[in-house]
1. I need the full set of residues from region 51-62 which are surrounded by fewer than 16 Cβ atoms within 10 Å (Cβ to Cβ) and under 18 Å from residue 199 (Cα atoms), in order please.
2. Of these, 172, 179, which one is over 19 Å from residue 96 (Cβ atoms) and at pLDDT below 95?
3. Please determine whether any residue of region 38-53 is in contact (Cβ under 8 Å) with a residue 12 or more places away in the chain and farther than 25 Å from residue 190 by Cα.
4. (1) crowded, with 16+ Cβ neighbours inside 10 Å; (2) over 30 Å from residue 131 (Cα atoms); (3) of a type outside the set (Ser, Thr, Tyr): which one isn't true of residue 45, the others all being true?
5. Please go through region 190-212 and pick out each residue that is surrounded by 13 or more Cβ atoms within 10 Å (Cβ to Cβ), β-branched (Val, Ile, Thr) and under 14 Å from residue 48 (Cα atoms).
Amino acid sequence: MFSIIQAAGWPIWPLVACSILALALVIERFTSLKTPKVAPPKLLDEAITVSRAAVPSPDVVSQLEQNSLLGEVLASGFRALNSNPRISEEDLRSTLEGAGRQAAHKLERYLAALATIASAAPLLGLLGTVIGMIEIFGSQAGAGGASNAPGGNPAQLAQGISIALYNTAFGLMVAIPSLIFWRYFRARVDGYLLTMELAAERFVRHLNTLRK
């Protein structure tokens, strides 16, 4: 592998850095976007159950907030009701929407960076290709400057071709998986956001019964 990197020349090093960064982002997103950390399936029902008669104590609300991102959204509703028992439904919805936007920001963290890598990697590969072509033409022109020397410098010619092909291939090897994982995480985040939106709507109706 190192011999391939050496043959590809210096233009491949930005692609190597992109590949390492993309791998780190994919691992981080896989770790962070687990269902128990985002929206546990039974959390909403449990929150409604413990608050059928009244708003839970601050300790219970803190535990709910630390449970998951959905827990943070639900806890914001409890806190708003604790601070102002006569809060209007509109203000209650605004509080939950604000917490939901913060949760959405956390869900979408690093996705823009992964998309940037997917877009930039082919361009970096193209840059390496252009540099390789320059090496090729340089080897042709360096053979005494004569136009009747089609072979040019064989060593420089081979080096230019390797730089061009290796960088093109490596750029695609970085871009394609990055794009696939970005689309996968994007779909997963959209699914979580829909789940949290529906849960928040149901939770607002429940809080309205406590408010009354």
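The values are calculated or read from the model by the stated rules, or taken from the named source; none is laboratory data. Everything numeric here is computed off the predicted structure, so don't read it as measured data. Methodologically, a virtual Cβ is constructed for each residue, glycine included, from the backbone with ideal geometry; neighbour enumeration extends over all protein chains shown.
1. Here is the first cut: in region 51-62, the residues surrounded by fewer than 16 Cβ atoms within 10 Å (Cβ to Cβ) are 52-54, 57-60, 62.
The one that is surrounded by fewer than 16 Cβ atoms within 10 Å (Cβ to Cβ) and under 18 Å from residue 199 (Cα atoms): 52.
2. On the way: 179 fails: at pLDDT below 95.
Only one candidate qualifies: 172.
3. First, pick out the residues of region 38-53 that are in contact (Cβ under 8 Å) with a residue 12 or more places away in the chain: 38-40, 43-44, 47-48, 51.
Going one step further and asking which of them are farther than 25 Å from residue 190 by Cα, we end up with 51.
Checked region 38-53: at least one residue is in contact (Cβ under 8 Å) with a residue 12 or more places away in the chain and farther than 25 Å from residue 190 by Cα.
4. (1)
5. 204
Here is a yes/no grid of residues against (1) free of Cβ contacts under 8 Å to residues at least 60 places away in the same chain; (2) under 16 Å from the mean Cα position of the chain (by Cα); (3) surrounded by fewer than 17 Cβ atoms within 10 Å (Cβ to Cβ):
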| position | (1), (2), (3) |
| --- | --- |
| 83 | yes, no, yes |
| 87 | no, no, no |
| 95 | yes, no, no |
| 101 | yes, no, yes |
| 107 | no, yes, no |
| 110 | no, yes, yes |
| 113 | no, yes, yes |
| 116 | yes, yes, yes |
